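Report on one structure; see the data block that follows.
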Amino acid sequence: MDAAAAARRLADGEVVAFPTETVYGLGADVLQEGAVARIFALKGRPADHPVIVHVADIRGLAEWSSSVPGAAMALAEAFWPGPLTLIVPKSPRLPSIVTGGQASVGIRCPSHPVARELLREFARIGSGAIAAPSANRFGHVSPTRAEHVRDEFGASVPVLEGGACEVGLESTIVDLSRGHPVLLRPGGISRAQVAEVLGEDPRERDANAPRASGTLAAHYAPATALTLMTAERLAAELDTLASVAVLAFGEPPANAKAFSWIAATQDPAAYAHDLYANLRKLDAAGAKRILVEAPPRTGEWEAVNDRLQRAAAGSLADDDET
Ligand code: TXA
Ligand code: MG
């Protein structure tokens, strides 16, 4: 299936998985409510969780929102196409199923060349806007390769191929619908980059923020229990535990009894690129536990630390979010 064929399927009301620079998305035409409903059914996602609207270029911001805050325009001009989602007041044209009943909408213009081709084709023959969450079942690790999507949904979802996703973590989300900018989810565009364009630090998410799946503590979780720990504790655990799968900065000690060991890179972008594929590998190793050496707590590691903390929280025994 090429981009033109995928666009035709979208226009016909079908669901299609497609690559972006962050993760693979599970897409449907924003104007076809039945197709959007099928996304929710396939994912097992609650109806009140809004879905991001993907557009071909910056004009999509005005097209699918009722008014564009200046700060949203500035961020779009600086970082689109790219891994940044902007929350703005929604256009009345947009069916409320897309926004989970909320008055705002998340809009993003992806930079992956295959996604851009798909969006251009779909603008030619359809609405040009694709509603798409990450192409994984609710609560699972997001897919960063076409085969991950097939692992999640089998043959029931056609996949437009686009190789391994360059960023590897979901987009940064900034909410501009409430008067002051709020960072809802860290991602490929850093907090510092957002602050530089806005001229102020975005605020933290607070209790009034809408419930959002990517912002639940228990999310992005492998099925195997995952624990984040220091290098010292990891060394101590390795002395006593045998059935573990490990992601750490460095090679395994000679006497390690670990089942499976992935030596992680010290480069935060490369670490992010491989993180979800690595979590899937560790999960498949058949170990009782996954142990991850915690990365540094600096700004360049913020998005990685965010996802690792959610993976650890999400794999606790009494997880009610999956
Ligand atoms: O990188 C990405 O953003 C990927 C690719 C496919 O674009 N998409 C993605 O979608 O991660 P999803 O649905 O897995 O996560 C989107 C997040 C969710 O936490 C959702 O609740 C939030 O965006 N979101 C969407 N619209 C929103 C809105 N109007 N207000 C607040 N949060 C919103
Ligand atoms: Mg997701």
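Scan the range 226-245 and tell me whether some residue there is under 16 Å from Ala312 (Cα atoms), open to solvent by 40 Å² or more (accessible area, probe 1.4 Å) and modelled with pLDDT under 90.
no
Contact list please: Cβ distance under 6 Å, first residue in the range 65-78 and farther than 20 Å from Glu196 by Cα, second residue open to solvent by less than 30 Å² (accessible area, probe 1.4 Å), pairs at least six apart or on different chains.
Close Cβ pairs (under 6 Å, with a partner that is open to solvent by less than 30 Å² (accessible area, probe 1.4 Å)) amount to Ser65/Val88; Ser65/Ser91; Ser66/Ser91.
Could you check the range 153-168 and list, in sequence order, the residues that are of a type outside the set (Phe, Trp, Tyr), over 13 Å from the mean Cα position of the chain (by Cα) and either assigned to a loop (DSSP other than H, G, I, E, B) or surrounded by fewer than 22 Cβ atoms within 10 Å (Cβ to Cβ) (or both)?
Gly154, Ala155, Ser156, Val157, Pro158, Leu160, Glu161, Gly162, Gly163, Ala164
Out of the residues in the range 137-165 meeting the condition of being in contact with a strand residue (DSSP E or B) (Cβ under 8 Å, 6 or more places away or on another chain) and within 12 Å of ligand 2 (Cβ to nearest atom), tell me which one is nearest to Ala47 (Cα to Cα).
Selected residue: Ser142.
I'd like the residue in the range 169-179 that is of a type in the set (A, V, I, L, M) and in a loop (DSSP other than H, G, I, E, B) and, out of all such residues, is surrounded by the most Cβ atoms within 10 Å (Cβ to Cβ).
Leu169
Scanning the range 106-133 for residues that are within 16 Å of ligand 2 (Cβ to nearest atom) and of a type outside the set (A, V, I, L, M), which turns out nearest to Leu42 (Cα to Cα)?
Across the range 106-133, the extreme among qualifying residues is Pro133.
Restricted to the range 117-137, and to residues that are open to solvent by 20 Å² or more (accessible area, probe 1.4 Å) and within 13 Å of ligand 1 (Cβ to nearest atom), which residue is modelled with the highest pLDDT?
So, considering only residues that are open to solvent by 20 Å² or more (accessible area, probe 1.4 Å) and within 13 Å of ligand 1 (Cβ to nearest atom), the one modelled with the highest pLDDT is Ser134.
When you scan the range 17-26, do you find a residue that is open to solvent by 30 Å² or more (accessible area, probe 1.4 Å) and either more than 16 Å from ligand 2 (Cβ to nearest atom) or closer than 22 Å to Glu152 by Cα (or both), even just one?
There is no residue in the range 17-26 that is open to solvent by 30 Å² or more (accessible area, probe 1.4 Å) and either more than 16 Å from ligand 2 (Cβ to nearest atom) or closer than 22 Å to Glu152 by Cα (or both).
Residue check: is Val88 under 12 Å from Val30 (Cα atoms), among the β-branched types (Val, Ile, Thr) and buried (at least 22 other Cβ atoms within 10 Å of the Cβ)?
So Val88 fails the test.
Can Thr85 be described as assigned to a loop (DSSP other than H, G, I, E, B) and on the phi < 0 side of the Ramachandran plot?
no
Give me a count of the residues in the range 266-319 that are of a type in the set (S, T, N, Q) and open to solvent by 50 Å² or more (accessible area, probe 1.4 Å).
3
What tally of residues in the range 177-204 results from selecting those that are under 19 Å from the mean Cα position of the chain (by Cα) and of a type outside the set (S, T, N, Q)?
11
Based on what the data block shows, is Ala277 in contact (Cβ under 8 Å) with a residue 40 or more places away in the chain and either assigned to a strand (DSSP E or B) or of a type outside the set (Lys, Arg) (or both)?
yes
Look at Val98 and say whether it is over 26 Å from Leu308 (Cα atoms) and within 16 Å of ligand 2 (Cβ to nearest atom).
Yes; evaluated as a whole, the condition is true for this residue.
The values are calculated or read from the model by the stated rules, or taken from the named source; none is laboratory data. All values derive from a computational prediction rather than experimental measurement. Every residue, glycine among them, receives a Cβ derived from its backbone with ideal geometry; neighbour counts consider all protein chains shown. Just the protein is used for accessible areas: all its heavy atoms, side chains included, with ligands, DNA and RNA removed. Shrake-Rupley method; radii C 1.70, N 1.55, O 1.52, S 1.80 Å.
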